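Comments concern the structure below.
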Amino acid sequence: MLDKRIFCGERCLIMKKLFFAFALSFACVFAFAQESWTHLAGISFSAPFYSMEVKGDGTKNIFSPQGTARYFGVAPNGFCVSGTFGIGPALCKDFSLGVDSLSATGLSLTFSAGAGYAFGITDRFTLAALGSLSLDWMYYKFKKEISAFTSYGRYATEWRQHDSLLAFGIGAELLGFYSLTDRISLFASFAFRFFDAGRLWRVGKNEGRYYDAAYDLRGNFSITPSIGATWTF
């Protein structure tokens with residue numbers, strides 16, 4: 001079966017360390033934030049589009065509408081941090097069984113953390129620019145009935161396959177907040193990220209025979225527009 005050792009390449013190890021360091025820094029900032037910080041929590045609709053080049057398995061163009069939870073904190077000097085978690089379907093025509101070309105629907109999970117600077121444009125409008133790291137996981141499950149007629153009668157079996165894609169990204173995000181009241185704000189954001197570390201795992205069973213494979217992610221990008229609302233506390 002599939003070798004479960006993850007991130008054996010040098011770039012993957014570097015990205016793991018960077019992501020861990022950034023996540024630790026984010027946790028420390030949040031833990032030691034003083035009461036003078038402004039904290040916002042909200043939900044949004046995001047529409048990420050991914051173009052990921054997988055070595056040996058081609059380019060995967062994926063659209064994943066997501067519901068997203070977000071935390072945003074800003075210090076009196078303008079320093080800000082942000083964290084998001086999104087979940088939704090992952091739509092793609094580039095994951096399939098054999099020569100099938102039907103669109104596949106899978107599951108997508110996204111986590112990102114960023115830090116940057118926020119400044120007020122007007123009394124109600126705030127703009128923030130952040131650098132960020134992200135972790136994206138996508139999962140596709142396939143099942144196909146196979147039947148044929150032989151001299152002994154009808155022959156039927158199944159073809160099953162599971163594809164799992166994990167990717168680390170680094171990029172930037174621009175956010176704009178508009179205050180409706182002292183507590184409620186609307187916001188919109190746009191994030192752009194590059195992917196340079198990750199892996200695709202494939203496990204399947206076809207006519208009683210098992211197979212597995214692993215492919216390295218070679219790069220490409222994602223763009224993510226979002227719109228939502230936050231509560232200040």
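None of the figures in this text is laboratory data; all of them are computed from the coordinates on show. Just so you know, these numbers come straight off a predicted model, no measurement behind them.
If you wrap the tightest convex hull around every Cα atom of region 107-225 and split its volume per residue, you get 135 Å³. With coordinates expressed along the principal axes, the C-alpha atoms belonging to region 40-132 extend over 57, 25, 19 Å, beginning with the largest. Stretched out straight at 0.36 nm per residue, the stretch from GLU145 to PHE194 would grow longer than its current Cα-Cα span by 13.8 nm.
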